[in-house]
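Notes follow the structure.
Bear in mind these aren't lab numbers, they're just calculated from the coordinates by the rules spelled out. The structure displayed is predicted, hence computed values, not measured ones. Cβ placement follows ideal geometry from the backbone for every residue including glycine, while neighbour counts extend to all protein chains displayed.
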Amino acid sequence: MEMIHRYERFFLGSTLVILAIGLVAVISSFFVNDLELPSPVETIDPAELASTPPFDNPGVFQVGENEYDAVITAQSWAFVPGVIQVPAGSKVNFKIGSVDVVHGLIVHGTNVNLTIIPGQVAEATATFDEPGEFLFVCSEYCGILHHNMAGRVIVN
Ligand SMILES: [Cu+2]
């Protein structure tokens, strides 16, 4: 006599197959799509961030024909600079560090979604093909004025 009902065995088996497919998808995506876990690009002493290049001079810097580095410091409760202006068609490399607590950076209309951990430099790249304004906000609750922590990418 069977100890496990055949339906139960069927669902147990299906669950294992689905889990295995998911695991294969996740693992293979690391190699096929070159996905990475969010990890520190480099580490930096948060107390020294404001006096360490490039964060001692935050701003937007042209590094190629259509390429810009946006060096940003995050602090309670502002991004410096709060406005990033680039021409349409620009590739923007966001490079951001926090001087105090954990912040986040989400740039609307792009895939940029970073957690900014004090002591770690976070980087992401986005291309802005169309002129317009793109709001960016802090995505980690960082204190009483968290809701004011925002800025804009202005694409001309
Ligand atoms: Cu914040």
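Residue 124: in contact with a Leu (Cβ under 7 Å, 6 or more places away or on another chain) and within 14 Å of the ligand (Cβ to nearest atom), yes or no? If you could, list the steps in order and put the result at the bottom.
Working: in contact with a Leu (Cβ under 7 Å, 6 or more places away or on another chain): yes; within 14 Å of the ligand (Cβ to nearest atom): no.
Criteria not met by residue 124.
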Residue count for region 78-109, restricted to those that are touching a Ser or Thr at 6+ places or on another chain (Cβ under 9 Å), more than 18 Å from residue 140 (Cα to Cα) and among the polar types (S, T, N, Q): 2
Some residue of region 111-126 being of a type in the set (A, V, I, L, M, F, W, C) and over 16 Å from the mean Cα position of the chain (by Cα): no
Considering residues of region 66-79 that are closer than 18 Å to residue 147 by Cβ and in a strand (DSSP E or B) only, the residue nearest to the ligand (Cβ to nearest atom): 74
Complete set of residues in region 80-109 that are of a type in the set (Val, Ile, Thr) and assigned to a strand (DSSP E or B): 80, 83, 84, 86, 92, 96, 106, 107
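May I ask you to list the residues in region 77-128 that are among the charged types (D, E, K, R) and over 23 Å from residue 43 (Cα atoms)?
Across region 77-128, the qualifying residue is only 91.
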Every pair of residues 6+ apart whose Cβ atoms lie under 9 Å, when the first sits in region 123-152 and is part of a loop (DSSP other than H, G, I, E, B) while the second is of a type in the set (Ser, Thr, Tyr) and more than 14 Å from the ligand (Cβ to nearest atom): 129/90
Pair list, Cβ < 7 Å and 6+ apart or interchain, from region 73-91 residues that are closer than 14 Å to residue 56 by Cα to residues that are among the acidic types (Asp, Glu): 75/100
